[in-house]
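Chemist: Have a look at the structure that comes next, please.
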There are 2 protein chains.
Amino acid sequence: MKKTSISLADGRELMYFDERDDVSRDDADLRPLTPTQTSSEIRYDELLDRWVIVASHRQDRTYHPASDSCPLCPSTAGRLTEIPAPTFDVVVFENRFPALTAAGGEAVAAVHSDGGDVLVRPGAGRCEVICFTAAHGASFSTLDHPRVDLVMAAWIDRTIELSQVPGVEQVFCFENRGHDIGVTLDHPHGQVYAYPFVTPRTAAMLTSSAAYYRRTKRNLFDDVVQREKDDKTRVVATNSAWTAFVPRAARWPYEVHLYPNRRVPDVAALDDRQRAGFADIYLDLLGRFDRLFDEPAPYISAWHQAPVREGRDRFALHLELFTTRRTPDKLKYLAGSESAMDAFTNDVAPEAAAERLRELG
Amino acid sequence: MKKTSISLADGRELMYFDERDDVSRDDADLRPLTPTQTSSEIRYDELLDRWVIVASHRQDRTYHPASDSCPLCPSTAGRLTEIPAPTFDVVVFENRFPALTAAGGEAVAAVHSDGGDVLVRPGAGRCEVICFTAAHGASFSTLDHPRVDLVMAAWIDRTIELSQVPGVEQVFCFENRGHDIGVTLDHPHGQVYAYPFVTPRTAAMLTSSAAYYRRTKRNLFDDVVQREKDDKTRVVATNSAWTAFVPRAARWPYEVHLYPNRRVPDVAALDDRQRAGFADIYLDLLGRFDRLFDEPAPYISAWHQAPVREGRDRFALHLELFTTRRTPDKLKYLAGSESAMDAFTNDVAPEAAAERLRELG
């Protein structure tokens, strides 16, 4: 694996991750790009005890461009894209319209309440795009094993590097797939967010696992995974390094959680055997999601990693994969109960979802 | 106001709320309806410390019926609907395909973990539909003041009655409006959920307000609302009993929180002046949402009420009104960061949203 870092015309960083060590990546970005103005800030919601990102400059960003102007395809002589090279394996670059920006942008002064609480801070962090392949019409599920290993190497690289950026508290690698969930670019790609706060979901898991440890002196994630393995009714797939199951309290019609059999805090901590075993089981799961309905299911695939500084000894890295579709022609919408109250109703019993996913293997 | 309760053919309860006291509601439900099978349960997500409703019987429910078969219109001789009467003011009835069901349905035995935690319980509760008018093509924003007062009376009635149902911990009155957010019936209607648990959103607010009280001996809601009133930049509308503002950390492009000026725990605790002043300011707000874009904005309108048993002295009743649309042709999707991490990015600065909503008055 070889990593080559270059600067795009507007100063953003782009990194090539290549399967071969002998490639040379010296194509320059020839576009007349001017740097974008960014003014991201994070605001503290005192009622919910969580941060919200406000990035009001992003309204002009690219929206459903025609496929002949895909900015994630390699550049050709006649058409310059985000990626200067004529081909690539895996590429990571800074989002031109990021929700979070490196310090040094248009800094927002911290705003305090009467009581001294910080209510508004600069939205310091980083938003990156990761292209999984140069093939516009491909999907993650059609990648071969060496390519998945390379994507994993890129996730690990970005997790390590972004964890060292001052102010970054959590690194989130994810993929949104399908127009149904708002994906504006068809080219197979994911994203990496480096947040200046611990996300609400992760904070909730850390609170639960800390309370569980105080009560039982055991790790909550370990016990939840072990119970699923013992119970077996919701297990979808396993190999020697990983276990995939539908959680007992799944929120989505088809939702699978994938855990390494030995607990680690983040992708950077995966050992060689875990890294090598990932492609096999993840491609298997994505194949099942592709076959769920008449056409490949839209999905969100989210790596839940420990924060950079806290709870690393008790968090368990895992991937949550779910589709927002409940039948071929019915979407699961987030309406009042879900959007306003966080109270989810799942129309598909998790045991039935697991059985169906097992049959699709 | 007159309330008349009848039984539908399958045993569900239907209540007429009439503006006039002299109406008679004795039309029988003549449909050959058989009772539906329901097997709702709630499952505890140990990692997130919250309950999820699993109601797997609901997959067959009515989905986008043609408007000539609207089940929420009054019945006619040739077409029988959910409402037996030939006309009505406001009607509330039990949902035929409820996510939560009265005790006595197909009861699920409680399932416990090794440690004795309850992991699965019957989904005891109630889901009701509330029709705001017999006029199929109307919307809440076109109701007149007496009708809004009647809807408020129905919300109060349902909150009081459902709070007394054994096992019910929280009553949630809400309206989803627009296909964009998954509304399957165009007829103006809302819903009432009586949950057997405190919703995650409310639990989070109670935790924050308890911590704030311990630190300051003051009420968090009171201070947040007072700061918005003092600051003024995000206030959208006020009258003598209510104040509406865009919250500083709004998650949605256009989001307004409406508080009574004197704190109460739920709609049942509103005094006469607050009840009388609601129609005025709420219709004003809905009118602004109707004028935001070329066509009326889709929205979720959610009454946040104190739970039945806990935190009633420190919770503040308020209504949260938000649209999922960020521009006339762009939706705010809940993709990876929002759906997987609860980390929201808002593309519209709350101050700009407030200014725009003020201009639309």
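Chemist: Given the structure, is A:Leu119 within 14 Å of another protein chain (Cβ to nearest Cβ), farther than 22 Å from A:Lys2 by Cβ and buried (at least 20 other Cβ atoms within 10 Å of the Cβ)? Outline the logic, then answer.
Modeler: Numbers: within 14 Å of another protein chain (Cβ to nearest Cβ): yes; farther than 22 Å from A:Lys2 by Cβ: yes; buried (at least 20 other Cβ atoms within 10 Å of the Cβ): no.
No: the conditions fail for A:Leu119.
Chemist: Kindly establish whether A:Arg214 is at pLDDT 95 or above and basic (Lys, Arg). Explain how you work it out, then say what you get.
Modeler: Numbers: at pLDDT 95 or above: yes; basic (Lys, Arg): yes.
The answer is yes for A:Arg214.
Chemist: Mind telling me which of the residues A:Leu285, A:Leu321 ends up being part of a strand (DSSP E or B), more than 7 Å from chain B (Cβ to nearest Cβ) and under 23 Å from A:Asn176 (Cβ atoms)? Explain how you work it out, then say what you get.
Modeler: Numbers: A:Leu285 fails: part of a strand (DSSP E or B).
Criteria check complete, one pass: A:Leu321.
Chemist: A further question on this structure: Being assigned to a helix (DSSP H, G or I), of a type in the set (Ser, Thr, Tyr) and surrounded by 21 or more Cβ atoms within 10 Å (Cβ to Cβ): is that true of B:Ser209 here? Spell out the reasoning first.
Modeler: On the way: assigned to a helix (DSSP H, G or I): yes; of a type in the set (Ser, Thr, Tyr): yes; surrounded by 21 or more Cβ atoms within 10 Å (Cβ to Cβ): yes.
Answer is yes for this residue.
Chemist: Could you grab me the full set of residues in the stretch B:246-262 that are within 19 Å of the chain's Cα centre (by Cα) and either in a strand (DSSP E or B) or away from chain A (no Cβ under 14 Å) (or both)?
Modeler: The answer is B:Tyr254, B:Glu255, B:Val256, B:His257, B:Leu258, B:Tyr259, B:Pro260.
Chemist: Mind listing just one residue for me: the one in the stretch B:259-284 that is charged (D, E, K, R) and within 28 Å of A:Arg50 (Cβ to Cβ) and, of those, surrounded by the fewest Cβ atoms within 10 Å (Cβ to Cβ)? Spell out the reasoning first.
Modeler: Keep residues of the stretch B:259-284 that are charged (D, E, K, R), which gives B:262-263, B:266, B:271-273, B:275, B:280, B:284.
In the following step, the residues that additionally are within 28 Å of A:Arg50 (Cβ to Cβ) were identified as B:262-263, B:266.
On the way: B:Arg262: 13, B:Arg263: 17, B:Asp266: 23.
Among those residues, the one meeting the criterion is B:Arg262.
Chemist: Further question: For the stretch B:331-346, does any single residue satisfy the condition of being within 13 Å of another protein chain (Cβ to nearest Cβ), basic (Lys, Arg) and touching a residue at least 12 places away in the same chain (Cβ under 8 Å)? Before the answer, list the steps.
Modeler: Step one: list which residues in the stretch B:331-346 are within 13 Å of another protein chain (Cβ to nearest Cβ), which gives B:331-346.
Narrowing further to those that are basic (Lys, Arg): B:332.
With the extra rule that they be touching a residue at least 12 places away in the same chain (Cβ under 8 Å), the set shrinks to B:332.
Within the stretch B:331-346 (the criterion being within 13 Å of another protein chain (Cβ to nearest Cβ), basic (Lys, Arg) and touching a residue at least 12 places away in the same chain (Cβ under 8 Å)), the answer is yes, since at least one residue qualifies.
Chemist: Taking the conditions exactly as written (buried (at least 23 other Cβ atoms within 10 Å of the Cβ) and at pLDDT 95 or above), does A:Val256 satisfy them or not? Full working, then the answer.
Modeler: Working: buried (at least 23 other Cβ atoms within 10 Å of the Cβ): yes; at pLDDT 95 or above: yes.
In short, yes.
Chemist: Something else now. Looking at B:Ala354, B:Ala279, which is the one that is under 30 Å from A:Glu41 (Cβ atoms), not in a strand (DSSP E or B) and not assigned by TED's automatic domain parsing to the domain that holds B:Gly178?
Modeler: Details: B:Ala279 fails: under 30 Å from A:Glu41 (Cβ atoms).
The conditions single out B:Ala354.
Chemist: Only one of (1) part of a loop (DSSP other than H, G, I, E, B); (2) touching a residue at least 60 places away in the same chain (Cβ under 8 Å) fails for A:Pro265. Which number is that?
Modeler: In the conditions (1) part of a loop (DSSP other than H, G, I, E, B); (2) touching a residue at least 60 places away in the same chain (Cβ under 8 Å), A:Pro265 misses (2) alone.
Chemist: Within the stretch A:258-265, is even one residue in contact with an Asp or Glu (Cβ under 7 Å, 6 or more places away or on another chain), basic (Lys, Arg) and not assigned by TED's automatic domain parsing to the domain that holds A:Phe132? Break it down into steps so the answer makes sense when it comes.
Modeler: Filtering the stretch A:258-265 for residues in contact with an Asp or Glu (Cβ under 7 Å, 6 or more places away or on another chain) gives A:263.
Add one more test, that the residue is basic (Lys, Arg), and what stays is A:263.
Subsequent filtering for residues that are not assigned by TED's automatic domain parsing to the domain that holds A:Phe132 retains A:263.
Yes, the stretch A:258-265 contains at least one residue that is in contact with an Asp or Glu (Cβ under 7 Å, 6 or more places away or on another chain), basic (Lys, Arg) and not assigned by TED's automatic domain parsing to the domain that holds A:Phe132.
Chemist: Among the numbered criteria (1) closer than 30 Å to B:Asp222 by Cβ; (2) part of a helix (DSSP H, G or I), which single criterion is violated by A:Thr159?
Modeler: For A:Thr159, the failing item is (1).
Chemist: For the stretch A:224-245, name all the residues that are surrounded by fewer than 22 Cβ atoms within 10 Å (Cβ to Cβ), outside any helix (DSSP H, G or I) and among the β-branched types (Val, Ile, Thr).
Modeler: Matches in the stretch A:224-245: A:Thr233, A:Val235, A:Thr238, A:Thr243.
Chemist: Here is a list: B:Phe221, B:Phe197. Which entry is touching a residue at least 24 places away in the same chain (Cβ under 8 Å), crowded, with 19+ Cβ neighbours inside 10 Å, aromatic (Phe, Trp, Tyr) and in a helix (DSSP H, G or I)?
Modeler: On the way: B:Phe197 fails: in a helix (DSSP H, G or I).
The unique qualifying residue is B:Phe221.
Chemist: Can you go through A:Ile181, A:Ile160 and tell me which one is touching a residue at least 24 places away in the same chain (Cβ under 8 Å), in contact with a helix residue (DSSP H, G or I) (Cβ under 9 Å, 6 or more places away or on another chain) and surrounded by fewer than 18 Cβ atoms within 10 Å (Cβ to Cβ)?
Modeler: On the way: A:Ile181 fails: surrounded by fewer than 18 Cβ atoms within 10 Å (Cβ to Cβ).
So the residue among A:Ile181, A:Ile160 that is touching a residue at least 24 places away in the same chain (Cβ under 8 Å), in contact with a helix residue (DSSP H, G or I) (Cβ under 9 Å, 6 or more places away or on another chain) and surrounded by fewer than 18 Cβ atoms within 10 Å (Cβ to Cβ) is A:Ile160.
Chemist: Could you check the stretch B:1-45 and list, in sequence order, the residues that are away from every other protein chain (no Cβ under 14 Å), closer than 30 Å to B:Thr202 by Cβ and among the charged types (D, E, K, R)?
Modeler: B:Lys3, B:Arg12, B:Glu13
Chemist: Do we have B:Asp313 as assigned by TED's automatic domain parsing to the domain that holds B:Ala249, touching a helix residue (DSSP H, G or I) at 6+ places or on another chain (Cβ under 6 Å) and of a type in the set (Asp, Glu) here? Spell out how you get there, then give the answer.
Modeler: Numbers: assigned by TED's automatic domain parsing to the domain that holds B:Ala249: yes; touching a helix residue (DSSP H, G or I) at 6+ places or on another chain (Cβ under 6 Å): no; of a type in the set (Asp, Glu): yes.
No: the conditions fail for B:Asp313.
Chemist: Could you check B:Leu48 against (1) modelled with pLDDT of 90 or more; (2) away from every other protein chain (no Cβ under 14 Å) and say which number it fails?
Modeler: Tallying (1) modelled with pLDDT of 90 or more; (2) away from every other protein chain (no Cβ under 14 Å), B:Leu48 fails exactly one: (2).
Chemist: Surrounded by fewer than 18 Cβ atoms within 10 Å (Cβ to Cβ) and either in contact (Cβ under 8 Å) with a residue 60 or more places away in the chain or not assigned by TED's automatic domain parsing to the domain that holds B:Thr76 (or both): does that describe B:Ile130?
Modeler: no
Chemist: Which residues, counting only those in the stretch B:164-178, are more than 7 Å from chain A (Cβ to nearest Cβ) and either surrounded by 21 or more Cβ atoms within 10 Å (Cβ to Cβ) or outside any loop (DSSP other than H, G, I, E, B) (or both)?
Modeler: Going through the stretch B:164-178, the residues more than 7 Å from chain A (Cβ to nearest Cβ) turn out to be B:164-171, B:173, B:175, B:177-178.
Once the filter is applied, which keeps residues that are more than 7 Å from chain A (Cβ to nearest Cβ) and either surrounded by 21 or more Cβ atoms within 10 Å (Cβ to Cβ) or outside any loop (DSSP other than H, G, I, E, B) (or both), the stretch B:164-178 yields B:Val168, B:Gln170, B:Val171, B:Cys173, B:Glu175, B:Arg177.
The values are calculated or read from the model by the stated rules, or taken from the named source; none is laboratory data. Fair warning: this is a prediction, and the values are worked out from it, not measured in the lab. Using ideal geometry, Cβ is built from the backbone for each residue, glycine included, and neighbour counts are taken over all protein chains shown.
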